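The values are calculated or read from the model by the stated rules, or taken from the named source; none is laboratory data. Keep in mind it's a predicted model, so treat the numbers as computed, not measured. Backbone-built Cβ (ideal geometry, glycine too); neighbour counts: all protein chains shown. Calculation scope for accessible area: heavy atoms of the full protein, side chains included, ligands and nucleic acids excluded. Shrake-Rupley method; radii C 1.70, N 1.55, O 1.52, S 1.80 Å.
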4 protein chains.
Amino acid sequence: MRCVEIVATSGIEGLRLAERPTPKVGPRQVLVRIHAASLNYRDAMILSGGYVRGVSLPRIPLSDGAGEIVEVGAEVTRVKVGDRVCGTFFQRWITGPVFPEIQEAALGGTAEGVLTEYALLESDGVVRFPEHLSFIEAATLPCAGLTAWHGLFEAGGLKAGDTALFLGTGGVSVLGMQLARAAGARAIITSSSDEKLARAKKLGASDTINYVGNPHWAATVREITGGRGVDCVLEVAGGASTKGALEALRNGGHMAIIGGRSGPGGELDRRFVLQKGLRVTGINVGSRAMFEAMNRAITVAGLHPVVDRTYELKDAVAAYRDFQSGKHFGKIVITL
Amino acid sequence: MRCVEIVATSGIEGLRLAERPTPKVGPRQVLVRIHAASLNYRDAMILSGGYVRGVSLPRIPLSDGAGEIVEVGAEVTRVKVGDRVCGTFFQRWITGPVFPEIQEAALGGTAEGVLTEYALLESDGVVRFPEHLSFIEAATLPCAGLTAWHGLFEAGGLKAGDTALFLGTGGVSVLGMQLARAAGARAIITSSSDEKLARAKKLGASDTINYVGNPHWAATVREITGGRGVDCVLEVAGGASTKGALEALRNGGHMAIIGGRSGPGGELDRRFVLQKGLRVTGINVGSRAMFEAMNRAITVAGLHPVVDRTYELKDAVAAYRDFQSGKHFGKIVITL
Amino acid sequence: MRCVEIVATSGIEGLRLAERPTPKVGPRQVLVRIHAASLNYRDAMILSGGYVRGVSLPRIPLSDGAGEIVEVGAEVTRVKVGDRVCGTFFQRWITGPVFPEIQEAALGGTAEGVLTEYALLESDGVVRFPEHLSFIEAATLPCAGLTAWHGLFEAGGLKAGDTALFLGTGGVSVLGMQLARAAGARAIITSSSDEKLARAKKLGASDTINYVGNPHWAATVREITGGRGVDCVLEVAGGASTKGALEALRNGGHMAIIGGRSGPGGELDRRFVLQKGLRVTGINVGSRAMFEAMNRAITVAGLHPVVDRTYELKDAVAAYRDFQSGKHFGKIVITL
Amino acid sequence: MRCVEIVATSGIEGLRLAERPTPKVGPRQVLVRIHAASLNYRDAMILSGGYVRGVSLPRIPLSDGAGEIVEVGAEVTRVKVGDRVCGTFFQRWITGPVFPEIQEAALGGTAEGVLTEYALLESDGVVRFPEHLSFIEAATLPCAGLTAWHGLFEAGGLKAGDTALFLGTGGVSVLGMQLARAAGARAIITSSSDEKLARAKKLGASDTINYVGNPHWAATVREITGGRGVDCVLEVAGGASTKGALEALRNGGHMAIIGGRSGPGGELDRRFVLQKGLRVTGINVGSRAMFEAMNRAITVAGLHPVVDRTYELKDAVAAYRDFQSGKHFGKIVITL
């Protein structure tokens, strides 16, 4: 089978196209013909070697893939050949809270990823995706979509009528904004680009703010909410935006900490957390049960995730370069 | 001021139009010029004397009213003259769980109600209603709307993508169905009338079932949900429908027990609760904080409650008779 | 290996001692040398054929066993040879909420039980038990102990300072009372026997009531709590006691429905649930994560479960007869 | 009546003994003859002017007092003359989550405090304290005790069998340690003084660590918990200890942020929060409902808060000086 491998953690140069034998299916495993896989910030960080411990090389990258089951192990009853599925980021996180053993097997990091024609997955580590989605759309869900769902609804308790704030128009933010709107919440989104804000508005954003044009964007968020502040924020950015996010939250509001872009200034000032009685939670993707709950929400709403651009497998390096340029809106997907 | 009074708990004959002096406002109270008031099943039961203890006669009936604040007490800072407000069912339930003292002062029962030109309310016992609603629409919220909200979201934990079941097309069910849809949930509703089901469909119901034409409606609910069953049911009916509701719920699902229509057959079979690991909660309207949360959801969704028919104050008796006939869809409102 | 088998669901006569080959261990399984197994009400019901569907005969009975791991499969890393463990009632319920597939494999019912010298279990389906417990004590935990823990703490939210009510002195009630006391709660327990109440008092019960001598025991419970009522009840009994339990609960209190002893009169009156805003949950034993949480509580408290009498494997029939007589206090255990 | 006043926010020099007329009781207020009041870190900060906005001078200091009701307003039914009560820190926080209006009236800051012979309080703003406590003991509860309770149980969800970590032996930490032990949890406490650790051990601490003698105390905490880490920490200290607390927490554990001692180094590193999926909550004392729940726990356990030293009213300045020296263990109380 054809696949991509990371052969060195030296940046994009460490990627290469490769050929491997198609894996053998164990009694509780399934073989999935991957049709699409999407890129996340974590994937870029893994390439540069700094992010994840326990990555042995060569390693097939990417956690987010969608495909069709072509073979099931002897003991598998949960799914069947022909099912259209995504793999779960943590292959062993079925439900309940995360615990350390679960974190040991993450696709595209400590375990082989999905940028391959055939991925060998646990039968408990796949999820049927909503019928109205294409493979390309479904490939956006396992990490970016689920992280947004977990942060907003499972950890943050976002309810209809609440207001959520999204920082920038990356994959987690745009999917989060769509999910928040589908759940009857108000969604405020920021960007440095008026063009991206216009796209967000068209997708359903309640309010948009250009944070370059408006350095007091956090105060503007408070005004928009009648002085109350927002109920939830997905804090994906780190750096200076963390402070603005703390300011924009209402008393007792919730901040979901997402992603590792922690530059200087991204620390949480405990006085802020204290005075406003804030709640803060670190979000590690999510469980299979959360994934299934999100899929039901996507199905009821008839929601389509936003895919900005697609690349073929042979152009995987170009896809990574495009991703790192930060010019995309929503997700970049590689098709196989 | 003009008002209606219950002078005897002998049924509708116990109602009469009356004239009372306009009340004096205490330091932490407000005077509200009521413009609309709606009927609930509880109001019919109070008339026949069986439902509520502690009702001294004559008593102004009805809990659900909307109007404008025309006077505030000396210590009041929370609201001001001109605010468009509803009274809260329990005047002293601000937030948190209910406790017995709270239940002692319920509008139109143990305390004077709102079927009057001027109602004297606690300044903590009023809520500004969404700006896009008329007084007539807002008058549907304090008991029927809030009970549905509490049962679905606060007690039941209904989330986007979940499925809720509504029994019949009374006020609680129709408002509940609208709120569930606004929150991204699927809503199944039953009725004995195809015409009412057509109206429900037009209002957004995902699926409709005529329970007369289909005595196996609970099995149909399970089929519609792919065998999983529904996540939440608002059990407003009692009698035979309780059993169907238990059958329709998924394992671990939630039943909100609402209203007092408990005829024979309405008991909960503990074996059902046990085998399916169900959760059951008795719903007593809700707190002011829940009311405010519901109003935010109604505002974000731009939702309009369904008012079936309106009557003038002088025709209050006719309104009660209409309500008791059970032919309405949604709510019956009296204007003042 | 020696074991007991159910060969007919005709009552105690359907049991027999048997010899079977020791099972072969699969890659994710473990073999446990069982040293002790305890009886639950469910085990008696399974014998009479009415309780559990999907029991194929012959079947090794009992869900609650404790022993030592003597062999692990090739892929097992979670536990090791020599670990002192209990099996989990539902072999596949690791954490999170229950779902139907989980209920399909329950020890001693739909799956082979633990009244055998060697039990073959999933490596994910065993739990190390507290070091200060003997095998005999640990054998009381998997069903009776965990059901009490789940009902009190996971579903009921019992906290230090709350009051819990226990009906009778069976295994669930006595373990529940010990756990409640260890968690800083007040515990009221009832029995028809003053002698059993004296034993309960010695074990730490805060208050005891003889419900035969005091038919108004529910009113007495309310008095003892200063009129407030209890926060939680483990409703293990069904029949007339259900009504008393509803009466004894505080407004907003929680009833955990446990066990299948549902005779006439055991239905839940929905008016009671409604008026008091009660919460009711059906309890199906619990997950492995709950078991581990309970074990931590038992360890911190240094708590010892109460074993009333022990029998040898050859006297298993006598153990069942003793259990069915209902004269025991706490648990009856069979040693192997 | 005699009282103490802050006349300038210039440190301890700004305190003076004063004489004021005894306040008149409004219809929903009560007059409390204060017998004891205790010092918190906040009180020291208020004196130096940096902490609380909206403190008008002269102001009676201290939030934590216990006394006897000597007069009630005309509309008061909740409490009566002779009741032994504490005032609540936020006079208007009865139950549910905090909101900004509640924070506007805090005793000894934005509202008059309790270092006075007679305090005028809201009838909804007092709580009967456990019968087995003296006025001196009860005076430790309103801020220090309730903050610990809120952080451990209401926000942190500490359960029997969990492990909690306490940093130092100030009032919040020592009371928190006692409450955790009463609730069946394990409690680890740190100090720079072996003598204080010995006192903590005597009071029930499960494990003690001298953080001066053992700079790797966080690693030691992890070892003590078998590598799992602690479930909850009360982060009262800020500065370097914040980092250790983050390290000591288990994956998914909870940090309660308490108090304003935020020096450099006290920021929360978002990467830690993220990698371990931590939960963090800012704790603002607590509601009256939480206070009542804590009192029930104290009653069931028969717990006595630790009072290190008492001073008479005339020696209030000496009490403040003693407090600021940081040599106390538990609480310092002024008697009136």
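Just one of (1) more than 13 Å from every other protein chain (Cβ to nearest Cβ); (2) more than 24 Å from A:Ala106 (Cα to Cα); (3) open to solvent by 10 Å² or more (accessible area, probe 1.4 Å); (4) not basic (Lys, Arg) fails for A:Thr163. It is (1).
Please determine whether any residue of the stretch A:253-270 is touching a Cys at 6+ places or on another chain (Cβ under 9 Å) and small (Gly, Ala, Ser). Scanning the stretch A:253-270 turns up at least one residue that is touching a Cys at 6+ places or on another chain (Cβ under 9 Å) and small (Gly, Ala, Ser). Comparison of D:Arg250, D:Arg228 shows that the only residue that is facing another protein chain (nearest Cβ under 10 Å), part of a loop (DSSP other than H, G, I, E, B) and not polar (S, T, N, Q) is D:Arg228. Candidates A:Ala119, A:Ala139, A:Ala106: the one that is in contact with an Asp or Glu (Cβ under 8 Å, 6 or more places away or on another chain), away from chain C (no Cβ under 14 Å) and over 21 Å from A:Ser173 (Cα atoms) is A:Ala119.
One residue stands out in the stretch A:77-87 among those that are β-branched (Val, Ile, Thr) and open to solvent by less than 20 Å² (accessible area, probe 1.4 Å): the one that is farthest from the other protein chains (Cβ to nearest Cβ), namely A:Val85. Which of the residues belonging to the stretch B:2-25 are outside any strand (DSSP E or B), on the phi < 0 side of the Ramachandran plot and either surrounded by fewer than 17 Cβ atoms within 10 Å (Cβ to Cβ) or touching a helix residue (DSSP H, G or I) at 6+ places or on another chain (Cβ under 9 Å) (or both)? Residues satisfying the conditions are B:Val7, B:Ala8, B:Thr9, B:Ser10, B:Ile12, B:Glu13, B:Gly14, B:Arg20, B:Pro21, B:Thr22, B:Pro23, B:Lys24. Residues in the stretch D:39-87 that are outside any loop (DSSP other than H, G, I, E, B) and of a type in the set (A, V, I, L, M): D:Ala44, D:Met45, D:Ile46, D:Leu47, D:Ala66, D:Ile69, D:Val70, D:Val72, D:Val85. Screening C:Arg321 against (1) over 20 Å from the mean Cα position of the chain (by Cα); (2) in a helix (DSSP H, G or I); (3) farther than 23 Å from C:Gly204 by Cα leaves a single unmet condition, (1). For the stretch D:284-336, a tally of residues being away from chain C (no Cβ under 14 Å), among the hydrophobic types (A, V, I, L, M, F, W, C) and farther than 30 Å from A:Gly253 by Cα returns 13. Restricting attention to the stretch C:166-181 and to residues that are away from every other protein chain (no Cβ under 11 Å), aliphatic (A, V, I, L, M) and assigned to a helix (DSSP H, G or I), the residue that is most open to solvent (accessible area, probe 1.4 Å) turns out to be C:Val172. In the stretch D:88-97, the count of residues that are in a strand (DSSP E or B), in contact with a strand residue (DSSP E or B) (Cβ under 8 Å, 6 or more places away or on another chain) and either surrounded by 19 or more Cβ atoms within 10 Å (Cβ to Cβ) or in contact (Cβ under 8 Å) with a residue 12 or more places away in the chain (or both) is one or more. Check whether at least one residue in the stretch D:273-291 is part of a helix (DSSP H, G or I) and open to solvent by 40 Å² or more (accessible area, probe 1.4 Å), and report yes or no. Within the stretch D:273-291, one or more residues are part of a helix (DSSP H, G or I) and open to solvent by 40 Å² or more (accessible area, probe 1.4 Å). Scanning the stretch C:26-42 for residues that are open to solvent by less than 10 Å² (accessible area, probe 1.4 Å) and closer than 29 Å to C:Phe329 by Cβ yields C:Val32, C:Ile34, C:Ala36, C:Ala37, C:Ser38, C:Leu39. Might you check whether a residue that is under 15 Å from C:Tyr41 (Cα atoms), within 11 Å of another protein chain (Cβ to nearest Cβ) and among the basic types (Lys, Arg) occurs anywhere in the stretch C:257-265? So far as the stretch C:257-265 goes, yes, one or more of its residues are under 15 Å from C:Tyr41 (Cα atoms), within 11 Å of another protein chain (Cβ to nearest Cβ) and among the basic types (Lys, Arg).
Out of D:Gly204, D:Gly184, report the one residue that is surrounded by fewer than 23 Cβ atoms within 10 Å (Cβ to Cβ), within 14 Å of chain C (Cβ to nearest Cβ) and modelled with pLDDT of 95 or more. So the residue among D:Gly204, D:Gly184 that is surrounded by fewer than 23 Cβ atoms within 10 Å (Cβ to Cβ), within 14 Å of chain C (Cβ to nearest Cβ) and modelled with pLDDT of 95 or more is D:Gly204. Check whether at least one residue in the stretch C:43-52 is buried (at least 17 other Cβ atoms within 10 Å of the Cβ) and out of contact with any helix residue (DSSP H, G or I) (no Cβ under 9 Å at 6 or more places or on another chain), and report yes or no. Taking every residue of the stretch C:43-52 in turn, at least one turns out to be buried (at least 17 other Cβ atoms within 10 Å of the Cβ) and out of contact with any helix residue (DSSP H, G or I) (no Cβ under 9 Å at 6 or more places or on another chain).
In the stretch A:253-263 there is no residue that is crowded, with 22+ Cβ neighbours inside 10 Å, out of contact with any helix residue (DSSP H, G or I) (no Cβ under 9 Å at 6 or more places or on another chain) and not in a strand (DSSP E or B).
Please work out which residue is surrounded by the fewest Cβ atoms within 10 Å (Cβ to Cβ), limiting yourself to the stretch D:56-75 and to residues that are farther than 24 Å from D:Gly171 by Cα and among the β-branched types (Val, Ile, Thr). Walk me through how you get there before you give the answer.
Quick first cut of the stretch D:56-75, residues farther than 24 Å from D:Gly171 by Cα only: D:56-58, D:69-75.
Restricting the remaining residues to those that are among the β-branched types (Val, Ile, Thr) gives D:69-70, D:72.
Working: D:Ile69: 21, D:Val70: 15, D:Val72: 20.
Residue satisfying both the conditions and the ranking: D:Val70.
The number of residues in the stretch A:278-303 that are of a type in the set (Phe, Trp, Tyr) and under 27 Å from D:Gly151 (Cα atoms) comes to 0. Among the conditions (1) outside any strand (DSSP E or B); (2) farther than 23 Å from D:Ile189 by Cβ, D:His328 misses just one, which is (2). Only residues that are in a strand (DSSP E or B) and charged (D, E, K, R) were counted in the stretch D:292-318, giving 3. Taken over the stretch B:110-160, the criterion of being open to solvent by less than 10 Å² (accessible area, probe 1.4 Å), among the small types (Gly, Ala, Ser) and in a helix (DSSP H, G or I) is satisfied by B:Gly125, B:Ala138, B:Ala144, B:Gly145, B:Ala148, B:Gly151.
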